[in-house]
1. Could you go through the stretch 274-285 and let me know if any residue there is in contact (Cβ under 8 Å) with a residue 24 or more places away in the chain and in a loop (DSSP other than H, G, I, E, B).
2. Can you report the number of residues in the stretch 1-32 which are in a helix (DSSP H, G or I), of a type in the set (Val, Ile, Thr) and surrounded by fewer than 24 Cβ atoms within 10 Å (Cβ to Cβ)?
3. Go through the stretch 144-169 and give me each residue that's more than 14 Å from ASP85 (Cα to Cα) and surrounded by 17 or more Cβ atoms within 10 Å (Cβ to Cβ).
4. Out of PRO60, PRO43, report the one residue that is in contact (Cβ under 8 Å) with a residue 40 or more places away in the chain and either touching a Leu at 6+ places or on another chain (Cβ under 9 Å) or of a type in the set (Lys, Arg) (or both).
5. For the stretch 83-92, state whether one or more residues are assigned to a helix (DSSP H, G or I), open to solvent by less than 10 Å² (accessible area, probe 1.4 Å) and either β-branched (Val, Ile, Thr) or touching a residue at least 40 places away in the same chain (Cβ under 8 Å) (or both).
6. I need the full set of residues from the stretch 109-143 which are hydroxyl-bearing (Ser, Thr, Tyr) and open to solvent by 10 Å² or more (accessible area, probe 1.4 Å), in order please.
7. Just to verify a result, which residue in the stretch 305-320, among those that are open to solvent by less than 20 Å² (accessible area, probe 1.4 Å) and part of a loop (DSSP other than H, G, I, E, B), is nearest to GLY20 (Cα to Cα)?
8. Which residues, counting only those in the stretch 217-249, are open to solvent by 10 Å² or more (accessible area, probe 1.4 Å), touching a residue at least 40 places away in the same chain (Cβ under 8 Å) and assigned to a helix (DSSP H, G or I)?
Amino acid sequence: MRKIGIEEIEDIALGAALLGSGGGGDPYVGKLIAMGAIQECGPVTLLSIDEVPDDAFVVPIAMMGAPTVLAEKALGGNEYKVLYDMVSQFYNRKIFAFMPIEAGGVNSMLPFAAAARLGLPLVDVDGMGRAFPELQMVTFTMAGVNATPMALTDEKGNSVIFRTITNKWTEELARAVTMSCGGSVSVSLFCTDGSIVKKYGVRDIITRSQKLGKAIRTVKEGSGVPEKNFLDASEGIKLFRGKITDVLREVRGGFNYGKALLEGIGEYKGRSAYTEFQNENLAAAVDEKILATTPDLICLVDTETFNPIPTDALKYGKRVLMIALKCFGAWRSPEGLELVGPRYFGYDIDYIPVELRVKGEA
């Protein structure tokens, strides 16, 4: 158990941006919301998953929709209390703690705001270990946990509880309602017991975000080459270093699809690379050879600051370092790859772990 205040939030948000794998939304807006709540209500108690009783009721808090909408369509301020009341009354159970369902991007921050405002602890766990574009893409789906009953509310006070036959149906129906509510809503889903969270959640993910954020913030303070320091601290695998020469974008079905083209610089001069994304980066290739795919994390960071660059901020002329991080182990299982592997996203290729692809062993 430890306290999370303003200083810790800064590093957690920076690390969460890297775990966003280009998507999940820039945590900046969420960071401001979390900081505002902590300033007003005090620090948040962060619990290790081992400190949660097996029969405790743990409730994820998140936003659904386009993170860019959240920057313009602010929260009403009462959403978390509405969700708390809806969930606790529906289940007739007292909520023990909140948790993030998605550690990458803006959804890393909003559970802190909820926990601060309602005086509940937050659990150091999530259901992805990164960010993914669709609601059902969590480890709890692999465990057979139903996303519903799911509570949804908007800033005006509209609210609904879903009960669906599959988690994919939850995604379909909730996204339709989200679009009707203006493209951004607050939700609680995958509400479950501490025993399930212990067994299937991605442990210590907030702590990992904090360590990553601190490493990015301080990478130039250490001795040695900053790029090597960054790769060592993040356990990143270097794929390419280049300048963005074009970004192709298309909005389809409520998602941002696109491709960023890179021209090599430094030791990569004369070579080319690209990344493709659906909100998050899904595939990366160098000289037309695929080097990394989902569910491994593909991240573009600034070559000077090493700050992560979201896919919606990619632009011509930006100099970037393209790296990959190994995904949470469960995503490499057949069940995980069926849910978030390259074939789910329409790529006619099998998943091969990035560490094997870059060594040319597969």
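The values are calculated or read from the model by the stated rules, or taken from the named source; none is laboratory data. Keep in mind it's a predicted model, so treat the numbers as computed, not measured. FYI the Cβ positions are ideal-geometry reconstructions off the backbone, even for glycines, and counts take in every protein chain you see. Just so you know, the surface numbers come from the protein's heavy atoms only, side chains and all, with ligands and any DNA or RNA stripped out. Shrake-Rupley method; radii C 1.70, N 1.55, O 1.52, S 1.80 Å.
1. We begin by selecting, within the stretch 274-285, every residue in contact (Cβ under 8 Å) with a residue 24 or more places away in the chain; these are 275, 277-284.
Of the ones still in play, those that are also in a loop (DSSP other than H, G, I, E, B) are 279.
Yes, that holds for at least one residue.
2. If we filter the stretch 1-32 for residues that are in a helix (DSSP H, G or I), which is where we start, we get 6-19, 27-32.
Applying the additional criterion that residues be of a type in the set (Val, Ile, Thr) yields 6, 9, 12, 29.
Cutting the leftovers down to surrounded by fewer than 24 Cβ atoms within 10 Å (Cβ to Cβ) gives us 6, 29.
Residues flagged as in a helix (DSSP H, G or I), of a type in the set (Val, Ile, Thr) and surrounded by fewer than 24 Cβ atoms within 10 Å (Cβ to Cβ) within the stretch 1-32 amount to 2.
3. Passing the criteria: VAL145, ASN146, ALA147, THR148, ASP154, GLU155, PHE162, THR164, ASN167.
4. Exactly one residue qualifies, and that residue is PRO60.
5. Let us first name the residues in the stretch 83-92 that are assigned to a helix (DSSP H, G or I), namely 83-91.
If we keep only those that are open to solvent by less than 10 Å² (accessible area, probe 1.4 Å) as well, we get 83, 87.
Applying the additional criterion that residues be either β-branched (Val, Ile, Thr) or touching a residue at least 40 places away in the same chain (Cβ under 8 Å) (or both) yields 83, 87.
Yes: one or more hits.
6. Taking the stretch 109-143 first, the residues hydroxyl-bearing (Ser, Thr, Tyr) are 139, 141.
Across the stretch 109-143, the qualifying residue is only THR141.
7. Initial filter on the stretch 305-320 (open to solvent by less than 20 Å² (accessible area, probe 1.4 Å)): 306, 309, 311, 314, 320.
Narrowing further to those that are part of a loop (DSSP other than H, G, I, E, B): 306, 309, 314.
Working: PHE306: 14, ILE309: 10, LEU314: 14 Å.
In this case the residue turns out to be ILE309.
8. ARG217, PRO226, GLU227, LEU231
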